[in-house]
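**Q** If you scroll down you'll find the structure; I have some questions about it.
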Amino acid sequence: MNKFPSRETVIHLRSQYPRGTRVQLVHMSDPYSSLEPGDQGTVEFIDDTGTIFCSWDNGSTLGVVYGEDAVKIIKD
């Protein structure tokens, strides 16, 4: 089974989370990450696997993996 999103899904993610979008972490499955639910960051880019790379306010640059982790957009 292919765990990577389709090209169409990646295009949709890029339109939903353009560079500069502020996000809040909902869940991250990486047990070694220092990020916690509620942490906030700014989207830098989304790669071809659908990973959302952010500059987190705590200094981390860890990516949010499509299908494993979750963020939500912070509304102004």
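**Q** Could we say that GLY50 is at pLDDT below 95, on the phi > 0 side of the Ramachandran plot and out of contact with any His (no Cβ under 8 Å at 6 or more places or on another chain) here?
**A** Answer is no for this residue.
**Q** Can you find, within the range 63-72, the residue that is farthest from PRO5 (Cα to Cα) among those that are surrounded by 12 or more Cβ atoms within 10 Å (Cβ to Cβ) and out of contact with any Phe, Trp or Tyr (no Cβ under 7 Å at 6 or more places or on another chain)?
**A** Selected residue: VAL71.
**Q** Select from the range 53-62 the residues that are in contact (Cβ under 8 Å) with a residue 12 or more places away in the chain and loosely packed, with under 14 Cβ neighbours inside 10 Å and list them in ascending order.
**A** Matches in the range 53-62: SER55, ASP57, ASN58, THR61.
**Q** Would a scan of the range 26-38 turn up a residue that is modelled with pLDDT of 95 or more and among the aromatic types (Phe, Trp, Tyr)?
**A** So far as the range 26-38 goes, no, none of its residues is modelled with pLDDT of 95 or more and among the aromatic types (Phe, Trp, Tyr).
**Q** Take the range 32-52 and flag every residue that is under 11 Å from the mean Cα position of the chain (by Cα) and surrounded by 17 or more Cβ atoms within 10 Å (Cβ to Cβ).
**A** Selection gives GLY41, VAL43, ILE46, GLY50, THR51, ILE52.
**Q** Can you tell me which residues in the range 1-26 are loosely packed, with under 12 Cβ neighbours inside 10 Å and free of Cβ contacts under 8 Å to residues at least 60 places away in the same chain?
**A** Of everything in the range 1-26, those that are loosely packed, with under 12 Cβ neighbours inside 10 Å and free of Cβ contacts under 8 Å to residues at least 60 places away in the same chain turn out to be MET1, ASN2, SER6, ARG7, GLU8, SER15, PRO18, ARG19, GLY20.
**Q** Across the range 32-50, what is the number of residues that are more than 12 Å from PRO18 (Cα to Cα) and either of a type in the set (Val, Ile, Thr) or touching a Leu at 6+ places or on another chain (Cβ under 8 Å) (or both)?
**A** 10
The values are calculated or read from the model by the stated rules, or taken from the named source; none is laboratory data. Predicted model only: the values in this text are computed from it and were never measured. With ideal geometry, Cβ positions are generated from the backbone for all residues, glycine too; neighbour counts draw on all protein chains shown.
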